[in-house]
1. In the stretch 1-64, which strands (runs of 3 or more DSSP E) lie fully inside it and hold 2 or more residues that are surrounded by fewer than 20 Cβ atoms within 10 Å (Cβ to Cβ)?
2. Looking only at residues in the stretch 415-445 that are in contact with a Lys or Arg (Cβ under 7 Å, 6 or more places away or on another chain) and either β-branched (V, I, T) or crowded, with 19+ Cβ neighbours inside 10 Å (or both), which one is nearest to I27 (Cα to Cα)?
3. For the stretch 350-376, name all the residues that are among the polar types (S, T, N, Q) and more than 13 Å from N150 (Cα to Cα).
4. Within the stretch 23-48, count every residue that is among the basic types (K, R) and out of contact with any strand residue (DSSP E or B) (no Cβ under 8 Å at 6 or more places or on another chain).
5. It is to be established whether one or more residues within the stretch 450-461 are crowded, with 20+ Cβ neighbours inside 10 Å and in a helix (DSSP H, G or I).
6. Of everything in the stretch 513-546, what is outside any helix (DSSP H, G or I), free of Cβ contacts under 8 Å to residues at least 12 places away in the same chain and not basic (K, R)? Give them in sequence order.
7. Just checking, how many residues over the stretch 316-330 are closer than 16 Å to S305 by Cβ and in contact (Cβ under 8 Å) with a residue 40 or more places away in the chain?
8. Confirm whether K418 is basic (K, R), more than 16 Å from S147 (Cβ to Cβ) and not in a strand (DSSP E or B).
Amino acid sequence: MLKTLSIKNYALIDGLSVSFNNGLSIITGETGAGKSILVGGLSLILGKRADISVVKDVSKKCIIEGVFDVGNYNLKSIFKENQIDYETETIIRREILTSGKSRAFINDSPVNLNQLSTISSFIIDIHSQHQTLELTQNNFQFEVIDSISNNLSIIEEYKSTLDLYNTKLKELEELTQNKDQLIKTLDYNLFLANEIESSSILNESLEKLEEEQKNLANFNFIKEELVQSNQLILDEKYGLIATMNNLKNSLKRLSESSDSFSNIYERFSSVFIELDDIAGEIENSSDSLEENPVKLEEINGKLSSIHNLFRKHSVSTIAELEEIYKKLSDSISISENIDQKIEQTSSECEQLRSQLDDKANLIHKNRKASIPNFISKIEEIIHDLGMKNAKFKIDINKQDTFYLNGKDDIAFLFTANKGSDFKLLKKSASGGELSRIMLAIKSILANYRQLPTLMFDEIDTGVSGEISQKIGDIMKQMSRKMQIFTITHLPQIAAKGESHYKVLKTQENQKTITNMVKLTSEERIVEIATMLEGDKISASAVAHAKQLLN
């Protein structure tokens with residue numbers, strides 16, 4: 001529901017802000033007053049391309065903003081898909097900058113025109129005699145039939161299955177195409193994998209191997225240094241332990257003679273204990289160190305293999321080599337089981353195809369079942385709207401191809417005259433006839449699902465007073481379930497609205513200004529009387545206007 005529309009610096013509008021209610025809202029005004037400007041502004045919110053020529057004062061930016069209540073439209077998932085914050089009160093804003101570029105925002109999040117068109121199409125829909133192309137398009141025709149057939153949830157399931165089916169078909173095609181190549185590379189991949197595996201380096205630590213190699217390679221130097229270190233520490237006469245033990249005893253005597261030396265003694269005792277531990281570790285290292293040329297040769301061989309493999313596979317770590325080994329193993333597994341994989345994938349494709357057939361058959365059955373009643377309702381309405389001899393027909397034919405919404409082709413057919421052959425709707429119906437057919441379809445759809453706000457732009461052009469009364473009745477009935485705007489020149493339709501707005505064109509400072517105001521009850525009587533008789537309204541016109549309003 002459109003709650004508020006604000007327009008600034010657009011065409012003949014300086015600044016305009018109007019609030020709207022639910023139900024049927026009427027918009028009237030003299031020819032040339034600017035009713036089309038209102039539609040143009042709303043079209044920008046719907047994602048129409050902007051043009052600097054519509055900006056009133058090119059030194060300022062043009063802003064068009066609509067505030068919508070979208071709580072009843074189940075749009076959370078659509079907002080999420082487009083990464084836009086969802087608010088039940090959604091604000092859509094379009095700006096045309098002085099440079100001629102335009103920007104669009106939904107709830108203050110910048111959006112592109114595709115996102116704007118997608119989301120706004122769920123919120124507001126504009127129809128005029130020149131904008132009924134949608135009615136002749138297959139997507140819209142399927143949407144209509146599937147809405148009245150309760151097919152929408154089944155079609156969502158069908159689409160999910162179709163996506164999976166197409167994915168599996170592509171996988172099967174790739175497996176079939178790559179089979180020869182996979183078999184050709186099997187031997188080479190086996191060689192590479194065996195080379196890595198036989199090197200026994202998987203799960204090894206390069207750092208530990210290099211450290212162990214360094215120790216074994218420098219055995220004589222390390223052994224000599226350990227022995228010398230041991231002697232320097234443990235020599236009974238000149239070693240560190242003997243010297244420090246004498247110092248420790250001296251400090252102990254000092255601490256016993258005066259408390260001021262106790263702290264020094266305790267600190268030195270800690271150092272002495274640490275040195276004693278170090279001496280033990282050096283002695284243990286020296287005793288455990290053994291020369292092992294066989295082990296050294298083995299480690300050198302491993303390191304040589306590792307670095308050769310690093311160069312061969314252009315890596316620098318064992319972890320990267322392990323990843324290559326995994327990929328080789330996976331490829332080998334696929335190559336060795338390619339026929340089995342092709343058979344399995346082919347079987348999965350057949351199962352999915354069977355599921356698609358079942359769903360497509362159900363969709364087709366539901367469509368066929370709903371069409372007779374739908375045609376009956378359409379013809380009843382369009383006959384009331386002055387198309388007395390019109391006939392409507394829908395052809396649904398099942399094909400062998402899986403389309404996005406089933407396996408059917410659809411065609412809306414129409415004839416306006418008795419005895420004439422049916423032709424495609426887009427080739428046989430005039431603009432006025434298309435408008436009335438669209439109104440009939442929308443009025444039926446309103447009973448099956450929540451429709452967006454609808455704006456009808458002078459779809460009543462060229463119809464008689466009696467038919468306009470019927471058009472107004474249909475809009476009135478639809479407005480009980482949704483918000484409807486209609487721009488009209490006909491008093492019979494204008495009298496049907498709960499709210500009535502007038503578009504005015506005035507002269508201010510030698511400039512033409514367009515504005516829009518909501519009419520009071522008394523102002524409505526005058527406006528409808530004027531629509532009946534012209535500027536010089538009579539008492540009978542006023543009485544007639546009151547009668548229409550009542």
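The values are calculated or read from the model by the stated rules, or taken from the named source; none is laboratory data. On a predicted model such as this, the values are computed, not experimentally measured, just so you know. Cβ atoms come from the backbone with ideal geometry, glycine included; neighbour counts cover every protein chain shown.
1. It comes to 2-10, 13-19.
2. Going through the qualifying residues, I end up with I444.
3. Q351, S354, Q355, N361, N373, S376
4. Qualifying residue count, the stretch 23-48: 1.
5. Looking for residues that are crowded, with 20+ Cβ neighbours inside 10 Å and in a helix (DSSP H, G or I), one finds none in the stretch 450-461, hence no.
6. Answer for the stretch 513-546, where residues must be outside any helix (DSSP H, G or I), free of Cβ contacts under 8 Å to residues at least 12 places away in the same chain and not basic (K, R): T520, G534, D535, I537, S538.
7. Going through the stretch 316-330 one residue at a time, the tally reaches 6.
8. Criteria met by K418.
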